[in-house]
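Engineer: Below you will find the structure I want to go over with you.
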Amino acid sequence: MLYAHDTQEALVTAAALVNTGVETEDLPDVPALLAWLDEHRMSGVRRGTRTELVEVQELRDRLHDVWRAGSADAAVPLVNAILADAEARPYLTRHDDVDWHLHVTASDQPLAHRLGAEAAMGFVDLLRAGDFARLKTCAAADCEAVLVDLSKNSSKRFCDTGNCANRTHVAAYRARKRTAG
Ligand SMILES: [Zn+2]
Ligand SMILES: [Zn+2]
């Protein structure tokens, strides 16, 4: 496996969070946030307040900035700042049916801290491995969604949010057919 399971999960969750704000606002209110947290099996304390929602939306922009940083050198200070602001204190834990794994902040810390610290730890692993380029934006012409390419040969180009790979291939096929005809 390319990266530890919890690293992969942290990065996929970070991309999913960024993508809630790319084209439409998918987290417009507290119930939408709570549903998103359930969908991504995010444990720990939730206040379910407007402030919590705004904090998560602000964090989302900071995570997006890491994707948009353009280089590892530009991404590092952003990641370090997220870690510092989240007051990350990594520790090993096991719970439910998951064996020893890393938690980065205590479960009673604010939601945006926990989401931020976990995403940042995922970025840390990527950056230490020289893999900043795995943070990609979807190659489809009309899609701004981000993705983390965890494929062995770094060949993933399209996001998982829409049907982007398929749409792009169909469009290319039609263009070829037009040229041929
Ligand atoms: Zn856990
Ligand atoms: Zn896409």
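Engineer: Return yes when Leu2 is touching a residue at least 12 places away in the same chain (Cβ under 8 Å) and assigned to a helix (DSSP H, G or I) and no when it is not.
Structural biologist: Working: touching a residue at least 12 places away in the same chain (Cβ under 8 Å): yes; assigned to a helix (DSSP H, G or I): no.
So Leu2 does not fit the description; no.
Engineer: Quick check on my filter: what residues within the range 113-142 are within 16 Å of ligand 1 (Cβ to nearest atom) and surrounded by fewer than 22 Cβ atoms within 10 Å (Cβ to Cβ)?
Structural biologist: His113
Engineer: Additional query: Specify the residue that is nearest to ligand 2 (Cβ to nearest atom); the eligible residues are those in the range 14-37 that are closer than 23 Å to Val148 by Cα, acidic (Asp, Glu) and at pLDDT 95 or above.
Structural biologist: Within the range 14-37, the first condition is being closer than 23 Å to Val148 by Cα, and the residues that meet it are 14-27, 33, 35-37.
Now restrict to residues that are acidic (Asp, Glu): 23, 25-26.
Of the ones still in play, those that are also at pLDDT 95 or above are 25-26.
Working: Glu25: 17, Asp26: 14 Å.
Here the answer is Asp26.
Engineer: Next question. Would you check if Arg60 is within 16 Å of ligand 1 (Cβ to nearest atom), charged (D, E, K, R) and either in a loop (DSSP other than H, G, I, E, B) or within 18 Å of the chain's Cα centre (by Cα) (or both)?
Structural biologist: On the way: within 16 Å of ligand 1 (Cβ to nearest atom): no; charged (D, E, K, R): yes; either in a loop (DSSP other than H, G, I, E, B) or within 18 Å of the chain's Cα centre (by Cα) (or both): yes.
No.
Engineer: If you take just the strands (runs of 3 or more DSSP E) that sit entirely in the range 79-178, which of them hold at least 1 residues that are within 16 Å of ligand 2 (Cβ to nearest atom)? Steps first, please.
Structural biologist: Details: elements: 91-95, 98-103, 135-137, 146-148.
Those strands (runs of 3 or more DSSP E) span 135-137, 146-148.
Engineer: Consider Asp108 against the criteria (1) within 15 Å of ligand 1 (Cβ to nearest atom); (2) at pLDDT 95 or above: it satisfies all of them except one. Which criterion is unmet?
Structural biologist: Only one criterion in (1) within 15 Å of ligand 1 (Cβ to nearest atom); (2) at pLDDT 95 or above is unmet by Asp108, namely (2).
Engineer: I've got another one for you. Tell me the residue from Asp99, Asp131 that is farther than 21 Å from Leu34 by Cβ and at pLDDT 95 or above, please.
Structural biologist: Details: Asp99 fails: at pLDDT 95 or above.
Within the list Asp99, Asp131, the selection yields Asp131.
The values are calculated or read from the model by the stated rules, or taken from the named source; none is laboratory data. All values reported here derive from a predicted model rather than from experimental measurement. So basically every Cβ, Gly included, is an ideal-geometry build from the backbone, and we count neighbours across all protein chains shown.
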